[in-house]
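Heads up: the structure comes next, in structure tokens.
The values are calculated or read from the model by the stated rules, or taken from the named source; none is laboratory data. The shown structure was predicted, so the numbers you read here are calculated from the model rather than taken from an experiment. We place every Cβ from the backbone using ideal geometry, glycine too, and count neighbours over all the protein chains shown.
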């Protein structure tokens, strides 16, 4: 009998059990895991509902690698990207916050703070948003930009530290801020609740997934050490035949060096590990050995350490996507590289499980995507040119001239008055007539926001102007006034300044600044900014 305690993917129903983090679940006995049984089970799948997003943490799938693995072994991966915020650190975030709530260390409404390379911060941002805790994240500026944006999108504040200070520098800053402001520091690198959540969830899921089957190796990386310590200690006790294999960057071998981490008497990190070197595996191997990873070493939970080349990590991340359809990040590629090395020497018939920590979307601005173009390559252009339509090598047809307005009488008088009033309003000398979601209108909005130029936007297609065709009437009145049928149209001090590209060019040439000064509009100048950077990305690329 096999019971899946993971995320509900249409397999629950019939029976009730208590999941350690989700609470009471309805679970259906899915019986044997033969392909035939699973295919039959699909006919009766149901979806599940949850009280909140936190109930979806965990229960990530185990998937067999078919195209990259050698035939003499069974290689599986546990894809932690299936967590709601895309990484294994969602488990950590939920575990440490709920542990702090139970112990009273975290008070209602208290600010939470943590130092992170990104994934823990993103998980904490989700948890804190749902539980209504303010969150401050401290992160070295060398980590990917999209991680900062994700955390800020979720409502967190992100404080950056200089890249040269490395992970220990961002940790020291987080400690300093927590002590100064009385904030709750989650201490992901030494908080036992981090390892505990993996013992209760990740390890139990693995045991359930391989119930009745052998599991010869578990392959994982280490960062905080939570997954390593939490899972390995359970497997050591309940599946002692399973060997624990840990991967780390080959140019930055901390555990493999055998050199202890320097610490003060209270356990505080006093210096970077002497073997640390910069590497591409964000989230793996900071410039120190965490207390939890150190515990795994002292508890003899590690059977083998495998050094991984960063180039292999990136290559296998791409190959997982292109040959297995599994979209994950650099650390996942690194873990798979370690698992494939293990496959070379593993006895025939061995079963290997590899932990894949996060999604590939965390790495869009990193070298992982450096060779992935936004524009069509030669092969794609050849496909495009294979049919007559949608060609990019011919000039676009000229724009149709605007329909002439017979006379002013045909225009809506209220619309004409509205346009005149908006243009001449002394309280808002900068006004833009725009479409709500037009990319060029957004280019102008970005320029105004960047230089803090106050303005009014009349979005003629928005709900505000839809009733009674008011927006169409305003556009007709505007066209009659300027003889221009395009949008946006920007006015400064009652005078037509032009459209989006006109405005961007005028800023570059200094004309916009002069017009703003004449209209007594304040703004923040910054000559280092290229105004063309505000244009839509597809237009910049061409």
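Restricting attention to the stretch 424-457, which residues are in contact with a helix residue (DSSP H, G or I) (Cβ under 8 Å, 6 or more places away or on another chain), assigned to a helix (DSSP H, G or I) and within 20 Å of residue 493 (Cβ to Cβ)? Within the stretch 424-457, 444, 447 qualify.
Residues of the stretch 519-535 that are in a helix (DSSP H, G or I) and either within 14 Å of residue 453 (Cβ to Cβ) or in contact with a strand residue (DSSP E or B) (Cβ under 8 Å, 6 or more places away or on another chain) (or both): 531, 534.
When the stretch 240-267 is filtered for residues that are touching a residue at least 40 places away in the same chain (Cβ under 8 Å) and in a loop (DSSP other than H, G, I, E, B), the ones remaining, listed by number, are 250, 251, 253, 255, 256, 267. All told, residue 118 falls short of being in contact with a strand residue (DSSP E or B) (Cβ under 9 Å, 6 or more places away or on another chain) and modelled with pLDDT of 95 or more. Residue 87 satisfies every condition listed in (1) out of contact with any strand residue (DSSP E or B) (no Cβ under 8 Å at 6 or more places or on another chain); (2) at pLDDT 80 or above except (1). Tally the residues that are part of a loop (DSSP other than H, G, I, E, B), at pLDDT 55 or above and in contact with a helix residue (DSSP H, G or I) (Cβ under 9 Å, 6 or more places away or on another chain), restricting the search to the stretch 393-423. Looking only at that region, the number is 3.
Please verify whether the stretch 340-359 includes one or more residues that are within 21 Å of residue 188 (Cβ to Cβ) and surrounded by fewer than 24 Cβ atoms within 10 Å (Cβ to Cβ). Looking through the stretch 340-359, at least one residue is within 21 Å of residue 188 (Cβ to Cβ) and surrounded by fewer than 24 Cβ atoms within 10 Å (Cβ to Cβ). Per the conditions (1) part of a helix (DSSP H, G or I); (2) touching a residue at least 24 places away in the same chain (Cβ under 8 Å); (3) closer than 29 Å to residue 73 by Cα, the sole criterion not satisfied by residue 218 is (1).
For the stretch 182-201, filtered to residues that are touching a strand residue (DSSP E or B) at 6+ places or on another chain (Cβ under 8 Å) and at pLDDT 95 or above, the residue that is surrounded by the most Cβ atoms within 10 Å (Cβ to Cβ) is 186.
If you go through the stretch 137-154 and keep only what is surrounded by fewer than 23 Cβ atoms within 10 Å (Cβ to Cβ), within 24 Å of residue 54 (Cα to Cα) and in contact with a strand residue (DSSP E or B) (Cβ under 7 Å, 6 or more places away or on another chain), you end up with 148, 152.
Residues of the stretch 297-311 that are within 16 Å of residue 258 (Cβ to Cβ) and assigned to a helix (DSSP H, G or I): 297, 298.
Taking the options 325, 333, name whichever one is under 20 Å from the mean Cα position of the chain (by Cα) and on the phi > 0 side of the Ramachandran plot. Just a single option satisfies the conditions, and that option is 325.
Looking across the stretch 423-441 at every residue that is surrounded by fewer than 20 Cβ atoms within 10 Å (Cβ to Cβ) and free of Cβ contacts under 8 Å to residues at least 60 places away in the same chain, the one that is nearest to residue 481 (Cα to Cα) is identified as 425.
Would you check if residue 510 is closer than 21 Å to residue 414 by Cα, exposed (fewer than 14 other Cβ atoms within 10 Å of the Cβ) and modelled with pLDDT of 90 or more? For residue 510, the condition - closer than 21 Å to residue 414 by Cα, exposed (fewer than 14 other Cβ atoms within 10 Å of the Cβ) and modelled with pLDDT of 90 or more - is not met. Residues of the stretch 312-333 that are out of contact with any strand residue (DSSP E or B) (no Cβ under 6 Å at 6 or more places or on another chain), assigned to a loop (DSSP other than H, G, I, E, B) and either in contact (Cβ under 8 Å) with a residue 24 or more places away in the chain or closer than 15 Å to residue 371 by Cα (or both): 326, 327.
Of all the residues in the stretch 85-109, those that are surrounded by 20 or more Cβ atoms within 10 Å (Cβ to Cβ) and part of a loop (DSSP other than H, G, I, E, B) number 4.
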